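The values are calculated or read from the model by the stated rules, or taken from the named source; none is laboratory data. Remember, it's a predicted structure, so these values are computed and weren't measured experimentally. As a convention, Cβ positions derive from the backbone with ideal geometry for all residues, glycine included, and neighbour counts pool all protein chains shown. Protein only, heavy atoms only, side chains kept; ligands, DNA and RNA dropped before computing areas. Shrake-Rupley method; radii C 1.70, N 1.55, O 1.52, S 1.80 Å.
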Amino acid sequence: MVYFFSTQNAIKEFNTEFTIIQDLNIIPEYFKEITEIGLDCETTGLDPKKDKVIMLQIGDLNNQFVIDARGIKLDFLKPLLENNSKTFVGQNIKFDYNMLKQFGILLPKVYDTMVADQVLFNGKYSKDYIRKTRRFSLKGIYKYYFETEIEKEVRNEFLTWGNNSFTAEQIHYGAKDIIYPLQIKQQQEIWIKRYALDKTISLENKVLLALGDIEYNGMKIDTAKWKNISITIKERLKNTIAELDSILVAQNKKYLTKYVQLDLFTGKPNTDRKTDVKWSSDKQVLNILVNEFNIRPEEKDGKLSSSTKALEMLSIQEGNLPIVKTLKKYRKESKVISSFGEKYLLKFLKANNRLHTRFNSVMSTGRISSSNPNLQQIPNTKEFRACFIPTDNTFEIAAADYSAQEQRIIASKSKDENYLNFFNKGEGDIHSFIASRMFSAAIGEEVEVINDESHPNYKLRQQGKILGFMISFGGSAFTLSKKLRISKEEAQGLIDAFFKGFPTLLTMFNENAEFAYKYGYIRANNVTNRLRWLPEWKEFQQLSAIKRRDRTAEQNSRLGSLKGKIRRRALNTPIQGSAGDITKTALILYREYLLSKGIKPFDNAIVKLIGQVHDEIIIEYKKELSNTVVKELENCMIKAGSFYCEGLEMTATAKTGDHWIH
């Protein structure tokens, strides 16, 4: 049954399919013994700082209460909605969690049907398929389980509805937004149990509250500093363009300009240019590289291209040529101006001078991503990080990140004695250690590698560094060859040397790969049991079933490609998935610490979670709390690591100051 409450004199249409109630106190009374409650809000927009909740729906599968929230206080629901014995179920419930903060309400436990389905089907679909079909929208999820289309168009009416009386259709729409997630959860629980994903689901539902707090709090920007960076880089770019012109003219004087061009930024005549080459044109640049410098950059598929990726894959000799190095600099500066100039602030900066990102907590690897804006894409430079500042001069910022997170996970999972000893001694440089181990094993005698550019073996350290990162991300010989600009055979030799230096890693990786070949999925760890499906597996199985003598050359090539993809993901997922789970657990622990101290994530909080990038957690806090809250952040991160890593400690260190320091 649907029950409706409103202070409006009448609803727009009479309808006998729901009951109008006058006494709101019957709602908390009804839910006294109910532990699983559906919850949803209809709002005037997506901004919890600016937009308003105009309809609140709460209920179970038997009864749904639809409340016209305009002009009334929801204080009467606070004891119910903050009851720790209740779990509130919804679709994208992080949004409702943040919207309810405007009433001083903080949901304690939630279950998000969108997040649960992303966990259940992690890796099953391509990004393109998810986007086109809206697979993880309420409509998409409901269609999957019940093979029924549901109506969602009514939702847009609430954005501009104002103070008009709600229609019967809108009221029933609100009630169904309670019913659908509860029905979906019943279906999801069957599969959660079958695939033993209850711990992953629990982790994700807890961390979405911490991520919701970060989205709500945002990070304050010093707009003057940001704009000055843009001005400075524009000047650099002009100098870089002049440098490119000079290099080209020195190569061939026919490019000397005969006409006056318009300035790239002002539109005014520019008499400083030596050429009229449009360096932003891939076609022009490719023509110049090929015909004037005899440089033939290629994409991965062998196609000629002047793209940044193609330039990165040139040989070391060609990559160090002035024209190539300057082109890369030009591309980098152009990217910063186009992506992070003043338009960036106009697009993303809110009226409170803060950036409020949105998180996706279930990437295929298990890590967290963000969008609108993507904080991970912000240039990792001191000048840009200095633009992220505290609320005022009574606050400061701390950013804590893990030390060698992936390498520590590898050491723990592989139980490699040398790897574990290195971390437990806490001495030395990880990249030098890796390089020394792999090259010593390869040639059969001790090779000293230290972090000193003047040392004759310093180049080996760089190779060790790249190998260490590449292995943790499941890279191949092809990837390494392009990264180091060496032959594929040389790259495979380095990989072989790495595994000769760390044989237990090879055993672990081979076991993971064989498991993936056999079952078509891989687990991140045995703590959460996070699962990643491998979409190539079905085709891999079909081709593997064909006897080798009966397979065509094309089928053999395809089988090799599929096997390589499956192996790389089988190597990558346990490392990246565990890293993601550790960071999520740390966020949960720190949020619980703040709540235990009575620090709730509202606007007036004296400590706030404000950022999460890769394995880094960022907070702002009143300066006088520095000694306690910063140390506790480090402790929570270390404790989180201890749940997943045996035989060593996952260390974390915070840097504090009047801006975001990395």
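Worth pointing out:
- Taken over region 323-337, the criterion of being over 22 Å from Asn380 (Cβ atoms) and open to solvent by 40 Å² or more (accessible area, probe 1.4 Å) is satisfied by no residue.
- Thr504 being of a type in the set (Val, Ile, Thr) and open to solvent by less than 60 Å² (accessible area, probe 1.4 Å): yes
- Of all residues in region 196-228, those being closer than 15 Å to Asp96 by Cα and assigned to a loop (DSSP other than H, G, I, E, B) number 0.
- Count of residues meeting criterion [in a loop (DSSP other than H, G, I, E, B) and of a type in the set (Asp, Glu)] in region 136-195: 3
- Hits in region 520-560 (condition: among the basic types (Lys, Arg) and open to solvent by 30 Å² or more (accessible area, probe 1.4 Å)): Arg523, Lys538, Lys547, Arg548, Arg549, Arg551, Arg558
- Any chance Lys425 is closer than 29 Å to Gly560 by Cα, of a type in the set (D, E, K, R) and out of contact with any His (no Cβ under 7 Å at 6 or more places or on another chain): no
- Test for Ile617: is it open to solvent by less than 60 Å² (accessible area, probe 1.4 Å), within 18 Å of Ile409 (Cβ to Cβ), modelled with pLDDT of 95 or more and not aromatic (Phe, Trp, Tyr): yes
- Filtering region 457-477 to residues that are exposed (fewer than 14 other Cβ atoms within 10 Å of the Cβ) and farther than 14 Å from Ser432 by Cα leaves nothing.
- The residues on offer are Asn352, Asn320, Asn294, and the sole one that is open to solvent by 40 Å² or more (accessible area, probe 1.4 Å), under 30 Å from Lys225 (Cβ atoms) and not basic (Lys, Arg) is Asn352.
- Counting only residues that are loosely packed, with under 15 Cβ neighbours inside 10 Å and in a loop (DSSP other than H, G, I, E, B), region 630-648 holds 1 of them.
Residues checked against (1) in contact (Cβ under 8 Å) with a residue 60 or more places away in the chain; (2) over 30 Å from Arg354 (Cα atoms); (3) among the small types (Gly, Ala, Ser):
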residue: Tyr30; (1), (2), (3): no, yes, no
residue: Glu42; (1), (2), (3): yes, no, no
residue: Val53; (1), (2), (3): no, no, no
residue: Asn62; (1), (2), (3): yes, yes, no
residue: Val66; (1), (2), (3): yes, yes, no
residue: Lys73; (1), (2), (3): no, no, no
residue: Lys78; (1), (2), (3): no, no, no
residue: Gln91; (1), (2), (3): yes, no, no
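- Filter result for Ile606 (open to solvent by 60 Å² or more (accessible area, probe 1.4 Å) and touching a strand residue (DSSP E or B) at 6+ places or on another chain (Cβ under 6 Å)): yes
- Considering the conditions (1) over 25 Å from Gly426 (Cβ atoms); (2) part of a loop (DSSP other than H, G, I, E, B); (3) touching a residue at least 24 places away in the same chain (Cβ under 8 Å); (4) open to solvent by 20 Å² or more (accessible area, probe 1.4 Å), Trp660 is excluded by exactly one of them, (4).
- Listed conditions (1) under 30 Å from Tyr195 (Cβ atoms); (2) assigned to a helix (DSSP H, G or I); (3) small (Gly, Ala, Ser) are all met by Gly475, apart from (2).
- Taken over region 612-662, the residue count meeting the criterion of being touching a helix residue (DSSP H, G or I) at 6+ places or on another chain (Cβ under 7 Å) and of a type in the set (Ser, Thr, Tyr) is 5.
- Here Arg591 meets the list (1) over 21 Å from Trp660 (Cβ atoms); (2) open to solvent by 20 Å² or more (accessible area, probe 1.4 Å); (3) not small (Gly, Ala, Ser) almost entirely, failing just condition (1).
- Tally of residues being among the charged types (D, E, K, R) and open to solvent by 100 Å² or more (accessible area, probe 1.4 Å) across region 435-456: 4
- Restricting attention to region 386-407 and to residues that are modelled with pLDDT under 95 and open to solvent by 10 Å² or more (accessible area, probe 1.4 Å), the residue that is nearest to Gln576 (Cα to Cα) turns out to be Glu406.
- A single member of Glu189, Glu204, Glu215 is closer than 28 Å to Lys343 by Cβ and modelled with pLDDT of 95 or more, and it is Glu215.
- Boolean, Tyr144 is touching a helix residue (DSSP H, G or I) at 6+ places or on another chain (Cβ under 7 Å) and either under 30 Å from Ile588 (Cα atoms) or open to solvent by 10 Å² or more (accessible area, probe 1.4 Å) (or both): no
- Residue match in region 418-432 (condition: charged (D, E, K, R) and within 30 Å of Thr232 (Cα to Cα)): no
- Those helices (runs of 4 or more DSSP H) lying entirely in region 3-119 with at least 2 residues on the phi > 0 side of the Ramachandran plot and open to solvent by 10 Å² or more (accessible area, probe 1.4 Å): none
- Residues that are farther than 30 Å from Thr479 by Cα, open to solvent by 50 Å² or more (accessible area, probe 1.4 Å), in contact with a Leu (Cβ under 7 Å, 6 or more places away or on another chain) and outside any strand (DSSP E or B) are absent from region 561-576 altogether.
- In region 532-550, residue farthest from Asn122 (Cα to Cα) [restricted to those that are in contact with a helix residue (DSSP H, G or I) (Cβ under 8 Å, 6 or more places away or on another chain) and either part of a strand (DSSP E or B) or aliphatic (A, V, I, L, M) (or both)]: Ile546
- Strands (runs of 3 or more DSSP E) contained in region 344-455 and holding at least 1 residues among the basic types (Lys, Arg): 358-360
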